[in-house]
Every structure is written in C-alpha cells, then in structure tokens.
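The values are calculated or read from the model by the stated rules, or taken from the named source; none is laboratory data. Since we're looking at a predicted model, the values are computed, not measured. In this analysis, Cβ positions are derived from the backbone assuming ideal geometry, glycine residues included, and neighbour counts consider all displayed protein chains. To get the accessible areas, we keep the full protein, side chains included, count just its heavy atoms, and leave off ligands, DNA and RNA. Shrake-Rupley method; radii C 1.70, N 1.55, O 1.52, S 1.80 Å.
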Amino acid sequence: MGSPVAPAAFLFLLCALSLLPNLASCITRHYTFNIVSHNVTRLCHTKSIISVNGRFPGPRLIAREDDRVVVKVVNQCANNVTFHWHGIRQLRSGWFDGPAYITQCPIQTGQTYTYNFTITGQRGTLFWHAHISWLRATLYGPLIILPKRNESYPFKKPYKEIPILFGEWWNEDPEAVIAQALQTGGGPNVSDAYTINGLPGPLYNCSSKDTFKLNVKPGKTYMLRLINAAMNDELFFSIANHTLTIVEADAVYIKPFKTDVVLITPGQTTNVLLQTKPYYPNANFLMTARPYSTGLGTFDNSTVAGILKYEHPPNQSSNTKKKLFKPTLPPVNATAFVANFTNKFRSLGNAKFPAKVPQKVDKRFLFTFGLGSNPCPNNTTCQGPNGSKFSAAVNNISFALPTTALLQSYFFGKANGVYTTDFPTNPLNPFNYTGTPPNNTMVSNGTSAVVLPFNAGVELVLQGTSILGAESHPLHLHGYNFFIVGQGFGNYDSNKDPANFNLVDPVERNTAGIPTGGWLALRFLADNPGGLCIAIDLPELVLIMFDLSTGVWFMHCHFDVHTSWGLRMAWIVLDGSQPNQKLPPPPSDLPQC
C-alpha cells in the first residue's frame with residue numbers, strides 16, 4: 001500500500017487537475033519594442049520623434065486574460081526610457097510596472113530590459129506608455145485584452161473592433177517644453193493640436209490629408225476602444241448623429257448606458273458600441289474631441305476631428321456630393337455635465353462579474369490634492385504665481401524623484417538617504433480646502449512614502465483644493481483598481497457623505513477624475529495573488545479603500561505637467577507571511593541607475 005497523500009497536497013492536486021482544461025489557453029506572447037528616432041510631419045511641420053518600431057502611435061499589444069506578456073525593450077534612442085502597462089495589476093511583478101525611479105531605473109541608451117507579467121482577472125482595453133518625463137507624448141499604444149478562449153463578451157459580439165487613441169501634438173520637442181517650464185517656473189507651452197490615432201484632422205491648418213477615417217457598413221455594431229493618451233487634457237468626444245453605448249471602463253465591464261457625448265480623462269479607457277444606421281445615409285459624419293478644462297492656466301482650446309464614412313453601395317455613383325454633419329460638444333467648462341456623466345457608470349455586478357466592494361477598513365488617511373508654489377531661486381526671475389515657481393503637492397508635500405528606484409531601495413533595505421516613511425496621514429495645516437485659498441501657497445518638498453502592512457484595508461480621502469485655481473485632477477493608482485462609491489463638490493464631510501455611497505454596484509476603474517472643487521470617493525479591493533497557469537511558449541477629494549499587494553506603488557495625477565510639478569506619492573506595502581505574498585527578487589537585467 002502506498003503512503004497516504006497529505007491533505008494539503010491532495011487539495012493542491014485537485015485544484016491543479018480542475019484547471020487543466022484551461023492550461024492550453026495560457027500562452028506567452030512575445031513582443032519587441034525598438035525605441036528609435038525618426039521624422040514625422042504634422043501641421044506641415046516635420047520633426048524628429050521617439051517611437052516604438054518607427055510607428056506613431058505605437059503597435060498594438062494583444063493578449064487574452066491569463067496570458068503572460070513578455071516585452072523586450074531595446075533602447076536605440078538618445079533618451080533614457082521606461083514603460084508602464086497602464087492598468088495591469090502586476091501581481092507579484094512590481095519590477096515590471098515601469099514608473100522611472102519608483103519601480104525601476106531608466107533603460108539607458110544602448111541597453112535592453114524585458115518586461116514580464118501575467119494578466120490576471122482582467123479583460124478589455126488598457127494601454128501602454130512611456131513613464132519618464134514627457135516621453136509618452138509619442139510613446140504610447142493600445143493594450144487589448146481579449147476574454148479567455150471560449151468566453152464571450154457580456155453583450156452582443158461586435159462586427160468589428162477599432163482602437164481610437166486620443167493624443168497631443170507639439171511642433172516643438174515635448175522634452176524641451178517641460179524642461180523650459182521647470183526652469184522658468186511657469187506653465188508649459190500648450191500643444192499645437194490634438195490627434196486621433198496620431199492624426200490632427202481637417203479642422204487644423206494643413207491637416208486635411210492627415211485625418212483619421214472610420215469606414216463602416218450600414219446596420220452593423222462596431223466597438224470603439226477609446227483611449228485618452230493625451231498629456232494634459234480631459235476630452236469630450238462625440239460622433240455626429242450617432243449615439244454610443246458605453247459597455248466598459250478601464251478594462252472592467254459596466255452596465256451599458258447610452259450617451260451622445262463621452263468624457264474621457266488622460267489615463268482612462270472606455271469601450272463603446274456604435275450602431276450604424278440601417279441604410280446608406282449619403283452623408284459623412286465628423287467625430288470630434290475637444291478639452292474639458294476649468295483651471296486658471298492656458299490650455300489647447302482646439303478640436304480634433306475624424307470622419308465616419310459609410311461604405312458606398314455598389315449600385316450608386318461615388319461622385320455624389322455628401323452632406324457633412326458635425327456633432328455638438330459641451331462647453332469647455334461644463335462641470336455639471338461631467339458630474340452627471342460620471343455618475344452614470346455602474347459595475348455590471350452580476351454573478352460572473354461581481355462588484356466586490358470591500359467593507360473592512362484598517363487604515364484611514366486624508367490627503368489634499370492640488371497646486372502650490374516653490375520659491376524662486378536667488379538671482380533668478382520666475383514666471384510662476386507672484387514670481388514663484390509652479391508646484392503641486394499631496395498633503396502639501398511635492399514629491400521629489402530620487403536618483404535610484406524606490407523599489408530597489410526598499411527591497412535591499414537601503415532606504416537611508418533615498419526616501420523617508422513619515423508621509424502625513426492628514427493635512428498638517430487644515431483650511432477651507434475649496435473656499436478662499438490661503439495666502440501662503442508654498443509647499444514642502446521631499447521623497448516620502450506611506451508604509452502599510454500586507455493586506456491592510458485602506459480608506460483614503462483625496463480632497464481637491466482651490467489653491468491657484470480649482471480644477472479636475474485625473475488620479476491614477478498603479479497596481480490596483482478601485483471602486484468609485486461617491487463624488488461631490490465642496491469639502492468632504494466624513495459624517496454626512498458616506499450615507500450616500502453606492503456600495504452595491506459602483507464602477508471599478510484605475511484612473512478617475514477628482515471633481516473640480518470637490519471630492520471623489522473610492523474603495524479598492526485587491527485580488528489575492530493566487531491561481532495556476534502553465535505558460536506555453538509560442539513562436540501591457542478621493543476616497544480609496546483597498547487590500548494591498550506587496551511592493552512599491554505609485555499614485556499620481558495623470559496630467560503630466562502636474563506630475564512633473566510633484567503631484568505624486570508612493571505606497572510601500574510590506575510582504576505578507578505566505579510565499580505568494582512576497583515580492584520575488586528583481587530580474588537579472590533590471591536597469592541600474
């Protein structure tokens with residue numbers, strides 16, 4: 001008689017056998033990113049840009065849920081570079097998250113680094129982009145996660161799927177734009193155009209030939225994978241005489257709802273269904289996007305346009321003149337529209353895709369989130385507020401990037417001189433956050449982080465401020481999704497506002513806009529890093545509650561100018577007690593500073 005099987009081993013064997021039917025669908029998908037410089041012409045202006053594989057926007061990364069994605073980055077340009085797979089959970093793979101000097105040192109000229117991560121419990125549209133300085137102005141592309149094989153969408157399968165990427169174009173080098181702004185202390189020069197899939201469209205001078213055209217057939221359903229890769233602007237988007245049905249936000253299915261206008265902030269992705277007309281309309285339809293902005297600073301107040309064209313029926317002449325319809329977009333400062341629109345998002349919340357809103361809270365924090373200033377250096381003239389330099393801060397601390405990566409310093413126990421762990425849990429000097437701003441707008445500067453025990457439930461209130469102007473801030477938390485359970489204007493009231501939270505079916509996202517002069521309430525639930533997949537090699541004011549995965553996780557405004565001014569901070573999450581709750585050692589090719 002053989003020896004008895006230990007209960008734990010027997011349960012593991014049963015679990016493994018139950019997953020065998022899915023193993024064949026877990027594959028490794030290999031990509032190579034060659035970072036190169038080449039000339040591109042827009043607005044009759046030719047300049048050298050940095051791109052992936054000579055493509056602008058960059059190539060699509062396509063995988064299925066549970067696949068492993070391996071991206072070898074070969075840096076052949078003069079700039080240091082890193083890449084972030086925006087929205088990917090990075091369970092126990094924090095070394096590959098990508099923000100420069102947070103989880104890795106930059107990939108220097110002539111060097112390579114291979115990103116290696118598994119997509120767990122996610123499906124839909126995300127995107128990838130550079131995560132150092134302003135290089136993501138041209139280094140970005142779609143990250144499309146298909147459902148597991150033999151699984152379908154929770155809505156009728158579309159006839160065709162098309163990525164729609166919004167971006168910004170500068171005639172000057174964006175690196176020079178932000179370098180000048182940081183030197184002078186003023187706001188950076190705004191972009192010269194917005195783009196759809198890299199093209200400005202007919203409303204800009206010298207750009208009629210550089211127009212994105214979407215050719216469709218009558219009576220079909222198209223899924224548009226909307227991605228806002230713009231650097232500094234939230235955007236309204238609409239297609240003339242067509243209604244869109246929103247079915248997904250940040251790679252999470254939602255309860256479908258119809259709208260004529262979509263608001264999408266930098267860092268957000270939104271899948272929409274476009275039902276074409278049942279007949280050939282003998283007309284073309286503009287699809288346009290322009291900014292939503294409420295701040296005091298200048299912004300690119302222009303409009304990008306593409307054209308929706310119905311394929312011509314074979315029995316009609318293609319020379320017939322077609323009428324051109326234009327959509328109507330909200331005013332540039334339509335804050336009420338934005339609040340009403342964002343309140344419509346709800347998680348699908350069914351048995352297969354439940355809304356797992358956490359209830360347990362172990363740690364509570366209140367962070368203010370907004371602009372400020374730094375003194376002008378001696379013997380220097382600055383162009384910021386009252387002769388100072390623009391800055392931005394969380395709890396009045398403007399985050400200074402270290403010269404070595406936080407994750408490396410944390411993992412090897414070398415924090416001394418790199419970062420401190422005394423980030424304040426509440427504002428040190430409370431004030432009327434959305435009322436008359438204080439006279440003193442100066443911020444402090446430092447590299448400070450919050451340290452949390454593994455699997456702690458955290459409640460975080462991020463409160464917008466009116467210092468140097470109230471405006472919306474798109475918050476992005478690396479490594480996690482969060483549930484948006486409420487939002488409001490004015491100062492968050494911890495005694496009254498929670499009574500109105502949606503704890504049943506709130507939307508789940510990785511990036512969310514803090515309302516202008518208000519607050520946004522979020523709760524976050526992290527998936528446990530479990531599961532089994534054998535990869536087969538074949539020739540991407542806020543209230544937050546979350547259980548945490550180990551590592552160092554960046555949180556920042558997704559307006560790149562605000563991030564450059566210091567509107568960012570880091571969470572350090574300690575290891576758990578179990579082997580699968582510990583961060584593995586770094587890969588052998590991890591770049592060094």
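Charge dipole of the chain (Cα centre as origin; +1 on each Lys and Arg Cβ, -1 on each Asp and Glu Cβ, all else neutral): 1800 debye, rounded to the nearest 20.
Taken along the Cα-to-beta-carbon direction at a fixed 7 Å, the label points for residue 422 and residue 593 span 2.0 nm. By a straight-distance test (C-alpha under 22 Å), which lysines pair with residue 156 as possible cross-link partners, with residues fewer than eight away in the same chain excluded? Once the sequence-local lysines are set aside, what remains near residue 156 is 148, 217, 220, 255, 258, 277, 344, 352.
Maximal additional length on extending the residue 403-residue 261 stretch stands at 46.8 nm, based on 0.36 nm per residue less the C-alpha distance. Using only side-chain charges placed at the Cβ, +1 for Lys and Arg and -1 for Asp and Glu, the dipole size of region 34-166 relative to its Cα centre rounds to 340 debye. Among the listed options (1) 44, 30, 25; (2) 34, 32, 25; (3) 39, 35, 25, the one matching semi-axes √(5λ) of the Cα gyration tensor in Å as calculated from these coordinates is (2). Between residue 489 and residue 62, the contour length at 0.36 nm per residue exceeds the Cα-Cα span by 149.8 nm. Given the protein chains as shown and a 1.4 Å probe, how many square angstrom of residue 260 are accessible, to the nearest 10? Its accessible surface works out to 90 Å², give or take rounding. Where Rh is the Kirkwood radius over the Cα pairs of region 311-456, the temperature 25 °C and the viscosity 0.890 mPa s, what D in µm²/s does Stokes-Einstein return? Translational diffusion coefficient: 114 µm²/s. Rg of the Cα atoms in region 181-264, relative to 2.2 N^0.38 Å, amounts to 1.38. The spacing between region 156-221 and region 555-593, judged by their C-alpha centroids, is 29 Å. Shape verdict for region 218-260, please, from the Cα gyration tensor: rounded (a/c under 1.5), prolate (a/b greater than b/c) or oblate. It comes out oblate by the Cα gyration axes. Entry note, region 105-220: relative contact order of 17 percent, from Cα contacts under 8 Å with a spacing of 6+ residues. With both labels modelled 7 Å from their Cα along Cα-to-Cβ, the residue 499 to residue 206 distance reads 6.1 nm.
Among the protein heavy atoms, those of residue 560 account for about 20 Å² of accessible surface (1.4 Å probe, every chain in place). In region 311-447, a dipole from Cβ-located charges (positive for Lys and Arg, negative for Asp and Glu) runs towards its positive end, and of 431, 384, 328 it is 328 whose Cα lies farthest in that direction. Label-to-label distance, residue 302 versus residue 580, with points set 7 angstrom from Cα along the beta-carbon direction: 5.1 nm.
Taking each residue as 0.36 nm, the span from residue 436 to residue 321 lengthens on full extension beyond its C-alpha to C-alpha distance by 35.8 nm. Computed over protein heavy atoms with a 1.4 angstrom probe, the accessible surface ordering of 364, 568, largest first, is 364, 568.
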